[in-house]
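The values are calculated or read from the model by the stated rules, or taken from the named source; none is laboratory data. Note that the structure is a prediction, hence the values are computed from the model and not measured. Heads up, the Cβs are rebuilt from the backbone with ideal geometry, glycines too, and the neighbour counts pull from every protein chain shown.
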Amino acid sequence: MNDILLDVKAVSKRFGGVAALKGIDLVQHRGETLGMIGPNGSGKTTFVNVISGHTKPNSGTVSFDGRSVSGTNPFQIAKAGLTRTYQAVRVFGELTVRENVATALVDARDAASQEAVAEIADWLRITHRFDKPAGSLTLMEQRQVELLMRLVQKPKLMMLDEPVGGLSSAEVRTMIGVLSELKGRCTIFVIEHTMKVIRELADKVVVLMAGEKLAEGPPAQILADQRVIDKYLGTADA
Amino acid sequence: MSDANLIIFLSTISTGLILGSIFALVAVGVTIVYGSIWMPNAANGQFFVLAALLGWTMTVSWGIHPAIAAILVIGVSVPLSYGLEYILVRRFYDVPNRNISYFVLSLGITQILTGIFAATYGRWSDQFQLPPLVSGITFIGPLPVANNRLMVLALALSILAALFALLRYHRYGRAIRAVFQNRDAAALRGVNVKASYSLSFALGNAVIFAGGILFALAYSFDLTVAWTMSITAFAIMIIGGPGSVLGAVIVGMVFGFTQAAVSTVASPTIAAFSYLGAMLLILLFKPSGLFAR
Amino acid sequence: MTPVTEKKDLSLLAKGHGLPLACFAVVAFATPFLLSGNRYFAFVAGVTMIHILWASGMNLLYGYTGLMPLMFAGLAGISAYTVVGLTASGWSFWLALPVGALAASISGIILGLPSLRLKGFYFTLCSLVIQTVVTLGFIYFSGLTNGDTGISQIPLPSMGGGQPLSGLAYDLVLSAAAVIGVIVLIVIVKSTLGRRLIAIREDDELAGMLGINVTGYKMIAFFIGSLFAGVGGALYAPYIGFISPRSFDVLISMNIWLMVAFGGRGTIWGPVIGAILLAPLSFLLQEYYTVKDILYGLLIIAVIVLMPAGIAGGFLRKKKESAPPLDVPATPRGAK
């Protein structure tokens, strides 16, 4: 577990005059599930956008799997083995699930074999939807398709932006089960408001507050931290 | 400054003012429609020419006094707008990315009107000239200016001022501006969004019609002015910031002066190239425009 | 049972386009013979073939990549003027054609650069501005283009024995160009390039996140699409014998767009049908160009209002939904 997968140093991002991220440092080891929490607007999604190359930071460096990925394009970062999901579910809605998966295989870092695709689809219980347009599926099913499209690329790190957002409580339970098994397939970075997800999955938690890192540590310690409770968990956001 | 140079200078200023105020009117009309219903109306130039041609028919063919004709032309735009809104525009209000549908739709309208104009007015004449609103000449320093053109300028500026007042102080204007800024928030505050949509569509087109009839009163025109006007109004709107009335007025004035100045020293093609170049640069590097709301 | 990914198998019959393609090829090559008794109808058919080529190129950009390039006719014009200029200075047409087509392609890449920053309406507006600038350029640089007057009496290309390529032979060349164009489009769409372009059309940010080089493939789409425009423009000039800035203005771009949208964007055969229906119409109505304008305008509005997916698009969507769901996704996939 002392093999560093993601190494973020002093990343800052401003939008106009507003500082969204103020010098964030963060280290994630291979196999370690990292949870990121914080109120709305604290910069969590901006952080993921910077790591995945969608947003260029004003300063700071990101290295992934031992290589610097600062200033590279999303597709290059994806090919390096870093993948992500979006807060609002995002699939090719007009295309069938099969076509979605085929698209994910075209430029994959290390495309899964046909058998491996079938195995992942069976594990996610989405096989029976393969010929439906992805946009016609339920939110839960679309989340499963999202995971399937990422997993067939055999990523090293998967960044999940609120993976249970909008799901019913039964679906949240199912998703937590899926995600805990997912830990065996790749390293996970997860943004969540639902503390249950963080508590059950994360090995380490980072709290973001107005673009700054407020605290970092094991979930039990963080969720009991008085500053975190005062500033975040005590508020309606959590 | 020699007398000749002074005359050139003054005539550039006066032409720039008249053209600028008319450009501003049309661009304001386009920007009101875009800002509220997200419709980039590429047919604005055809509407502009339609107004001018209607004015020509009323004054030249029917012998109506130009002032009354101008009021009638602007009046006619209202039922036309509401009809168009009812048949075509309304059905896209809830379509995502409707600006591209509207854009293509307005290109279709452009083509239809182009055909209609060519089939009807195109056979009658190449150049159209309306009788003046008022006669006489006023000397500004050494430069003689037709009172008619001064009248057109005064009218154009008054309409612009009235629009500002309407959008800023009147109940309807405030509703339109609320929808400009945020459709959902406006709906929550009790603004009837759909009604404000059709109102802004009609208002925007009325302003374009006003620009068309005023232009026809000041200058002779031909059918090709339609496409030039479309492109110019779009350039003004994009550079000024889509939806920004103030931006449309300022950039419209700048364009009027540019056109007047460039036409005295170089060809109008250069002016067209420069507008298009400016628009491309803004599109690429600051698509929200210079005066973004 | 279809595999998740298409195998690297480009045999067209297996993909369901074989039969229509065979029919189309037969009709395309038979038409010049059937109409050889009537030069006027054969000529209209030839012009239609050029429009099939153009519509297929526009379809690659608009239907499959999701960009609406209203400077398409301008690109065809760049090629046409290049070819006419080169042949006038002594070049062989067959040498000038690839040069002209390449000129269109390179211009297409450069003029397509705004698509990297602008989406939807803003790109379309930008392309409209570019088209207007190109048209103004054709008028303004009259030393090369003879301005608004245009260039007339463009000589026919010569065949092997110094004979001019005329009548039936030229018609057959145009048929071949149309058939080859459609085949190229089918091959692209069925390849991984097509899958990447569709992904970019559907959601370019997501496509990039899945490892697709969005910038690179947009440029490739522009290169190929503009090549279609360029080849069509090069063949058009000597065939008609006359070109002017009006031959390649924004209305022509809109007409080609309409063939794609009316027939059904993002399908192989829709735009071909669109071109077959609309290209002769515009030619037969040339005497009544005002009627043509009004008709085209009405069609544009009808397409936008009634069938956002076009004729073939709506048909295809229905068929897709009624297909029975399959339970198993997998058959062995070709080696990567």
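Residues B:ALA235, B:ALA210, B:ALA260: which one is buried (at least 22 other Cβ atoms within 10 Å of the Cβ), away from chain C (no Cβ under 14 Å) and touching a residue at least 24 places away in the same chain (Cβ under 8 Å)? Even if it seems obvious, please write down each step before you answer.
Values: B:ALA235 fails: away from chain C (no Cβ under 14 Å); B:ALA260 fails: buried (at least 22 other Cβ atoms within 10 Å of the Cβ).
Only one candidate passes the filter, namely B:ALA210.
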Could you check region A:98-205 for helices (runs of 4 or more DSSP H) lying wholly inside it with 2 or more residues that are closer than 30 Å to A:LEU233 by Cα and modelled with pLDDT under 90?
A:195-201
Within region B:72-100, of all residues that are within 14 Å of another protein chain (Cβ to nearest Cβ), in a helix (DSSP H, G or I) and among the aliphatic types (A, V, I, L, M), the one nearest to B:ILE37 (Cα to Cα) is B:VAL89
Going by what's in this entry, would C:ILE139 be described as over 30 Å from C:PHE24 (Cα atoms) and part of a helix (DSSP H, G or I)?
yes
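Which of the residues spanning region C:257-300 are away from chain B (no Cβ under 11 Å), polar (S, T, N, Q) and part of a helix (DSSP H, G or I)?
As a first pass, look at region C:257-300 and keep what is away from chain B (no Cβ under 11 Å): C:259-260, C:262-284, C:286-287.
Next, from what is left, pick out any that are polar (S, T, N, Q): C:267, C:282, C:286.
If the condition is that a residue be away from chain B (no Cβ under 11 Å), polar (S, T, N, Q) and part of a helix (DSSP H, G or I), then C:SER282, C:GLN286 are the ones that fit.
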Can you name the condition, by its number, that B:ALA266 falls short on among (1) aliphatic (A, V, I, L, M); (2) within 10 Å of chain C (Cβ to nearest Cβ); (3) within 21 Å of B:TRP227 (Cβ to Cβ)?
(2)
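Please verify whether A:LYS79 is among the basic types (Lys, Arg) and more than 8 Å from chain C (Cβ to nearest Cβ), treating the condition exactly as stated. Break it down stepwise before answering.
Working: among the basic types (Lys, Arg): yes; more than 8 Å from chain C (Cβ to nearest Cβ): no.
For A:LYS79, the condition - among the basic types (Lys, Arg) and more than 8 Å from chain C (Cβ to nearest Cβ) - is not met.
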Pull out all pairs, ordered by first then second residue, where Cβ-Cβ is under 6 Å, the residues are six or more apart or on different chains, the first lies in region B:88-113 and is more than 17 Å from C:GLY120 (Cβ to Cβ), and the second is buried (at least 19 other Cβ atoms within 10 Å of the Cβ) and of a type in the set (A, V, I, L, M).
B:GLY108/C:ILE300; B:GLY108/C:ILE301; B:ILE109/B:ALA43; B:THR110/B:ALA42; B:THR110/B:ALA43; B:ILE112/C:ILE294
Failed condition for C:ILE240, given (1) more than 14 Å from every other protein chain (Cβ to nearest Cβ); (2) buried (at least 23 other Cβ atoms within 10 Å of the Cβ):
(2)
Of all residues in region C:106-123 being under 22 Å from B:ASN97 (Cα atoms) and crowded, with 24+ Cβ neighbours inside 10 Å, the one that is farthest from the other protein chains (Cβ to nearest Cβ):
C:GLY112
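Return yes or no: is C:LEU102 surrounded by 20 or more Cβ atoms within 10 Å (Cβ to Cβ) and not basic (Lys, Arg)?
Against the criterion (surrounded by 20 or more Cβ atoms within 10 Å (Cβ to Cβ) and not basic (Lys, Arg)), C:LEU102 does not qualify.
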Keeping to region A:88-124, report how many residues are closer than 21 Å to A:PHE189 by Cα and either touching a strand residue (DSSP E or B) at 6+ places or on another chain (Cβ under 7 Å) or of a type in the set (A, V, I, L, M, F, W, C) (or both).
8
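Results for (1) crowded, with 18+ Cβ neighbours inside 10 Å; (2) at pLDDT 85 or above, shown as yes or no for each residue.
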{"residue": "B:GLN129", "(1), (2)": "no, yes"}
{"residue": "B:SER135", "(1), (2)": "no, yes"}
{"residue": "B:LEU153", "(1), (2)": "yes, yes"}
{"residue": "B:ARG168", "(1), (2)": "no, no"}
{"residue": "B:GLY173", "(1), (2)": "yes, no"}
{"residue": "B:GLN181", "(1), (2)": "no, no"}
{"residue": "B:ALA186", "(1), (2)": "yes, no"}
Out of the helices (runs of 4 or more DSSP H) lying entirely within region B:108-183, which hold 1 or more residues that are farther than 21 Å from B:LEU25 by Cα?
B:121-124, B:171-181
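Do we have any residue at all in region A:140-153 that's touching a residue at least 24 places away in the same chain (Cβ under 8 Å) and surrounded by fewer than 18 Cβ atoms within 10 Å (Cβ to Cβ)?
From region A:140-153, those touching a residue at least 24 places away in the same chain (Cβ under 8 Å) are A:140, A:142-153; that's our starting set.
Of the ones still in play, those that are also surrounded by fewer than 18 Cβ atoms within 10 Å (Cβ to Cβ) are none.
No: region A:140-153 contains no residue that is touching a residue at least 24 places away in the same chain (Cβ under 8 Å) and surrounded by fewer than 18 Cβ atoms within 10 Å (Cβ to Cβ).
Of the residues A:THR85, A:THR127, which is out of contact with any strand residue (DSSP E or B) (no Cβ under 7 Å at 6 or more places or on another chain), within 16 Å of A:GLU146 (Cβ to Cβ), β-branched (Val, Ile, Thr) and surrounded by 17 or more Cβ atoms within 10 Å (Cβ to Cβ)? First the steps, then the outcome.
Values: A:THR85 fails: out of contact with any strand residue (DSSP E or B) (no Cβ under 7 Å at 6 or more places or on another chain).
The conditions single out A:THR127.
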Could you please let me know if A:ARG109 is facing another protein chain (nearest Cβ under 7 Å), surrounded by fewer than 19 Cβ atoms within 10 Å (Cβ to Cβ) and either touching a residue at least 40 places away in the same chain (Cβ under 8 Å) or basic (Lys, Arg) (or both)?
yes
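Those residues that are part of a helix (DSSP H, G or I) and in contact with a Leu (Cβ under 8 Å, 6 or more places away or on another chain), I need them from region A:76-97; list them, please. Please lay out each step first, then the result.
Keep residues of region A:76-97 that are part of a helix (DSSP H, G or I), which gives A:76-79, A:97.
Correct list: A:ALA78, A:VAL97.
For every residue, the table says whether it meets (1) touching a Pro at 6+ places or on another chain (Cβ under 7 Å); (2) touching a residue at least 24 places away in the same chain (Cβ under 8 Å).
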position: C:ILE109; (1), (2): no, yes
position: C:ARG117; (1), (2): no, no
position: C:GLY143; (1), (2): no, no
position: C:PRO155; (1), (2): yes, yes
position: C:GLY160; (1), (2): no, no
position: C:ALA169; (1), (2): no, no
position: C:VAL173; (1), (2): no, yes
position: C:ALA178; (1), (2): no, yes
position: C:GLY181; (1), (2): no, yes
Quick one: would you say A:SER68 is surrounded by fewer than 21 Cβ atoms within 10 Å (Cβ to Cβ), out of contact with any His (no Cβ under 6 Å at 6 or more places or on another chain) and more than 7 Å from chain C (Cβ to nearest Cβ)?
yes
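Just name the residue that is farthest from C:GLY225 (Cα to Cα) out of those in region C:162-192 that are within 13 Å of another protein chain (Cβ to nearest Cβ) and surrounded by 18 or more Cβ atoms within 10 Å (Cβ to Cβ). Write out each step before concluding.
Residues of region C:162-192 that are within 13 Å of another protein chain (Cβ to nearest Cβ), as a first pass: C:189-192.
This time we only want the ones that are surrounded by 18 or more Cβ atoms within 10 Å (Cβ to Cβ), so: C:189-190.
Working: C:VAL189: 13, C:LYS190: 16 Å.
Among those residues, the one meeting the criterion is C:LYS190.
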Consider C:PHE222 against the criteria (1) assigned to a loop (DSSP other than H, G, I, E, B); (2) buried (at least 20 other Cβ atoms within 10 Å of the Cβ); (3) in contact (Cβ under 8 Å) with a residue 60 or more places away in the chain; (4) not β-branched (Val, Ile, Thr): it satisfies all of them except one. Which criterion is unmet?
(1)
Out of all the residues in region A:98-133, which are in contact with an Asp or Glu (Cβ under 8 Å, 6 or more places away or on another chain), more than 17 Å from C:MET209 (Cα to Cα) and of a type in the set (A, V, I, L, M)?
A:ILE126
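Kindly provide the set of residues from region B:101-130 that are among the aliphatic types (A, V, I, L, M), in contact with a Ser or Thr (Cβ under 6 Å, 6 or more places away or on another chain) and within 7 Å of chain C (Cβ to nearest Cβ), ordered by number.
So in region B:101-130, the residues among the aliphatic types (A, V, I, L, M) come out as B:104-105, B:107, B:109, B:112-113, B:116, B:118-119, B:130.
Restricting the remaining residues to those that are in contact with a Ser or Thr (Cβ under 6 Å, 6 or more places away or on another chain) gives B:118-119, B:130.
B:ALA118, B:ALA119, listed by residue number.
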